[in-house]
Amino acid sequence: MTTQPVAVSVDGLTKAFGSIRALDGVSLTVGAGEIYGLLGPNGAGKTTLIRSLVGLVTADAGTVTVLGRRLPDRAVLADVGYMPQAPALYADLTVEENVRFFASVHDLDRHAGAQSAVDALEFVDLSSRRHSVVATLSGGMRQRVSLACALVHRPRLLLLDEPTVGVDPQLRAELWQRFTTMSGEGTTIIVSSHVMDEAERCGRLGLVRFGRMLAEGTSAELRRLAGVERLEDAFLVLSESSS
Amino acid sequence: MNGRRAGAISLRILQQFRHDRRTLMLLFVAPIILLGLFYFLTGGGSSLPAVDVVNLDRGPLGAVLAADLGQSTEISVTRTTPSRAAGDLSADTVAAYVVLPPDLSARALSGDVIAPTIHLEGTQPALTQPVLLALDQSVTRASRSLAATEGVRVPVLEPSLDYLHGGPGLDTLDYFGGAFIGLIVFLLVFVVTIIAFLRERSQGTLERLMASPLRRADIVVGYIGGFMVVAAVQAAEVVVFTLYALHVHNQGDVALIVLLTLLMTLVAVNLGIFLSMFATTEFQAVQFIPLAIVPQVLLSGIVFPVATEPGWLQVVSRLLPLTYGVDGLRDVMLKGNGLTSGPLLVDIAVVVAFAVALIGAATATLRRSAS
Ligand SMILES: Nc1ncnc2c1ncn2[C@@H]1O[C@H](COP(=O)(O)OP(=O)(O)O)[C@@H](O)[C@H]1O
Ligand SMILES: [Mg+2]
């Protein structure tokens, strides 16, 4: 792990919204090709952390380095894919138009964009709906379109904020299989979740609560640390002991 | 109907108002502002149209009449020479000048009709009426005051009207057509952009764009590009319809009309992006119509000439882009001015300056919106 190049490094990141401390001195290092899971309850600060990795949140203190570039740095964003928690799409465009738009925004030319859009829609299993207007899709389908938009330009770093909410279990399993394949091909993935069975599939996990990093490690390490069988219990034990 | 259920809806609406103070403010503040504007524009404290008077009368009536015009509550009179008056009119510093002919007193004494000439600027019909009214009142008063000493009876007044631009052949549509082209295009494009951009914000795609390598200027220029394509078609349609279906009088170059219309669109697009920053919902965006658009319509000289506004409102009018767009379109269509005309160039330059300033403001706005 230590020999791997570093994809993301966050140091002492702090961000307050008024009196709410969304991030409170978070530090974290993610190696290239890792799947890193951010685990924590609602309001823990996962979304704020992910948004600061793409420069959408200006931190009060701390530094963020992405793919070797210290943020803010607009150019590095061409190599990053960001899937927001709520599917942010153009509801009046078709699935394919959305995906191709985000391809062009990430500097793909028309031809490459068209080909990548086909692949991305294949990836999320929506090829048959590519001419549907997004407004007519179900919630889970929109979530998948949003995922396709985030990875259409084959980013080296993929940031997924609760990507599988509303996606049915079978497709969820398939998606995770594909995430694993992508990671094997060198893509770094940081994914937030509050679903424990997804967490098991991550290489390494960070437990976040009240804007702080409670513990880091593989699922097995965290369970051993807490002395429990199930990851869910480990989470409870570790958040008790920290507060 | 169920009273409790309906009541729940009423209560919810009041709760929403409580959370949306801005809307509440609008409902109570906007009427005062708009009615106040109306008050000032329709007379309360407004400036009088400036009129030059040239007295060539060899008898006594001209002097008395000119003096009486100086007291008029309808117009603000300066006495001057014929050449100065003509210069003032073409420089647009007066709305009209009245020439009292040499035989004025002689005709009045012999009971003949009197025929002073009123030279009108001609592009602002609202300015003609006060001049005619003032002259009519003063003729009556002046001849009455001379009745005892000179034996003048109140003569019949038949002023002859002379128009610098336009003329009696123009109807209301001709006067307002040009101004309305600017207004309609400006209004529609503004509303469409502010809603489109607000949707970009509220549906989260703007945030996604901010997380991409796109620069803020890319987004603003992209919006301008997209809207200008549609706006160009719209401008062509509006101009063709106005000129060839409605036969609105046009003295000038059609290309200049299209140019001014497109410049107004450019201003409207960027004003929309800029103001969308100050709205969080489509509901609030629509509120910018009474707040940002209606006062502009009232103050841009479309209906109420800027020259007759109270002084401080004229300052406000001069700060609004629509004022210059409307003035430019009138310069072209009613006066037939081209690119060699100073006032038209000023109008075009000011509209371009507004567009550039708003492009900057819209881009800066995007910077602030990403927290
Ligand atoms: N833009 C914002 N303005 C105000 N508070 C915010 C904002 N974004 C996040 N917060 C607050 O920060 C805390 C962490 O939120 P978030 O990062 O979305 O948590 P999570 O994604 O883990 O559920 C929450 O209390 C949330 O209300
Ligand atoms: Mg979240």
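Observations on the structure shown:
- Rule-of-thumb Rg ratio for the stretch B:103-197 [Cα; 2.2 N^0.38 Å; N residues]: 1.75
- Averaging Cα coordinates gives a centre for the stretch A:119-140 and one for the stretch B:83-142; these two points are 75 Å apart.
- Given charges at Cβ of Lys, Arg, Asp, Glu: the stretch B:158-304 dipole, positive-most of B:Leu198, B:Pro295, B:His249: B:Leu198
- Size of electric dipole in the protein assembly as shown: Cβ of Lys, Arg +1 and of Asp, Glu -1, about Cα centre, debye, nearest 20: 1540
- Residues A:Asp60 and A:Ser132, FRET efficiency given R0 of 51 Å [Cβ-Cβ distance, rounded to 0.05]: 0.75
- Per residue convex hull volume, Cα atoms of chain B, in Å³: 189
- At R0 = 41 Å, FRET efficiency that the Cβ-Cβ distance of B:Leu34 and A:Arg69 yields, to 0.05: 0.20
- Cut-off 14 Å between beta-carbons: net charge of the residues surrounding A:Ala135, Lys and Arg +1, Asp and Glu -1: +1
- Translational D in µm²/s for the stretch B:172-369 (Stokes-Einstein at 4 °C, 1.567 mPa s, Kirkwood Rh from C-alpha pairs): 75
- Of all the options B:Gly182, B:Gly167, B:Gly87, the one that moves most in a Gaussian network model of chain B with Cα springs shorter than 10 angstrom is B:Gly87.
- If R0 is 45 Å, the Cβ-Cβ spacing of A:Ala173 and B:Phe17 corresponds to a FRET efficiency of close to 0.40.
- Charge tally around B:Val152: other residues with Cβ under 14 Å, Lys/Arg +1 each, Asp/Glu -1 each, net -1.
- Leaving ligands and nucleic acids aside, the A/B contact buries around 1800 square angstrom of accessible area in total at a 1.4 Å probe radius.
- Relative to the longest principal axis of the Cα atoms of chain A, the long axis of helix A:110-123 makes an angle of roughly 60 degrees.
- This model, with +1 at the C-beta of Lys and Arg and -1 at the C-beta of Asp and Glu, gives the stretch B:172-369 a dipole about its Cα centre of some 580 debye.
- Per residue accessible area in Å² of the stretch B:172-369, where ligands, DNA and RNA are left out and the probe is 1.4 Å: 39
- Working note: Debye formula, equal point scatterers on the alpha-carbon atoms of chain A, no solvent; log10 I(q)/I(0) at q = 0.09, 0.11, 0.12, 0.17 Å⁻¹ is -0.38, -0.57, -0.67, -1.30.
- Centre-to-centre, using Cα atoms only, the stretch A:157-194 and the stretch B:204-229 are separated by 28 Å.
- The angle between the Cα long axis of helix B:342-369 and the longest principal axis of the Cα atoms of chain B comes to about 20 degrees, rounded to the nearest 10.
- Per residue, the average separation of C-alpha pairs within less than 8 Å and at least 6 apart gives the stretch B:172-369 a relative contact order of 34 percent.
- Global geometry of the stretch A:65-121, whether rounded, prolate or oblate, following the gyration tensor of its Cα atoms and the 1.5 cut on a/c: oblate
- For the protein assembly as shown, the share of accessible area belonging to carbon and sulfur comes to 59 percent (1.4 Å probe, ligands and nucleic acids excluded).
- Counting Lys and Arg as +1 and Asp and Glu as -1 over every other residue whose Cβ lies under 15 Å from the Cβ of B:Ser300, the net charge comes to -2.
- Counting only Cβ charges, +1 for Lys and Arg and -1 for Asp and Glu, the dipole size of chain B around its Cα centre is about 1980 debye.
- Treating each Cα of the stretch B:50-163 as an identical point scatterer and summing with the Debye formula, the log10 of I(q)/I(0) at q = 0.14, 0.20 Å⁻¹ comes to -0.49, -0.99.
- Spin-label model, A:Glu200/B:Ala364: points 7 Å from Cα along the beta carbon direction are separated by 5.6 nm.
- Taken along the Cα-to-beta-carbon direction at a fixed 7 Å, the label points for B:Val156 and B:Ala67 span 2.9 nm.
- For chain B, the relative contact order comes to 18 percent (Cα pairs under 8 Å, sequence separation of at least 6).
- Peptide A:84-91 has a mean of 4 when you count, residue by residue, the C-beta atoms of other protein chains within 10 Å of its C-beta.
- Considering only B:Leu214, B:Leu11, B:Leu135, the Gaussian network model of chain B with Cα springs below 10 Å gives its largest mean-square fluctuation to B:Leu11.
- Against the criterion of solvent-accessible heavy-atom surface with a 1.4 angstrom probe, A:Arg212, B:Arg79, A:Arg129, A:Arg110 sort, most first, into A:Arg110, B:Arg79, A:Arg212, A:Arg129.
- Among A:Ser193, A:Val99, A:Leu67 the positive-end extreme of the charge dipole of chain A (Cβ point charges): A:Leu67
- Within chain B, DSSP assigns beta bridges of which about 20% are antiparallel (rounded to the nearest 5).
- For the stretch A:174-243, GluC sites (Glu not before Pro) meeting the loop criterion (DSSP other than H, G, I, E, B) and having at most 15 other Cβ atoms within 10 Å: A:Glu185, A:Glu200, A:Glu229.
- Relative contact order computed over chain A (Cα-Cα under 8 Å; 6+ residues apart), in percent: 26
- Size-normalised alpha-carbon gyration radius of the stretch A:1-122, reference 2.2 N^0.38 Å: 1.21
- Candidates B:Ser145, B:Ser110, B:Ser276, ranked by Gaussian network fluctuation over chain B, Cα under 10 Å, top entry: B:Ser110
- By DSSP, the beta bridges lying fully in the protein assembly as shown are antiparallel in about 45 percent of cases.
- For the stretch B:200-257, the spread of Cα positions along the three principal axes, ordered from largest to smallest, is 51, 21, 11 Å.
- Among B:Val77, B:Ala148, B:Val99 - extreme Cα towards positive end, dipole of the stretch B:50-163, charges at beta-carbon: B:Ala148
- Taking N as its residue count, the alpha carbon Rg of the protein assembly as shown over 2.2 N^0.38 Å: 1.39
The values are calculated or read from the model by the stated rules, or taken from the named source; none is laboratory data. None of these values were measured; they are calculated from a predicted model. Cβ sites come from the backbone with ideal geometry, for glycine too, and all protein chains shown count toward neighbours. Please note that ligands, DNA and RNA were not included when accessible areas were found on the heavy atoms of the full protein model with its side chains. Shrake-Rupley method; radii C 1.70, N 1.55, O 1.52, S 1.80 Å.
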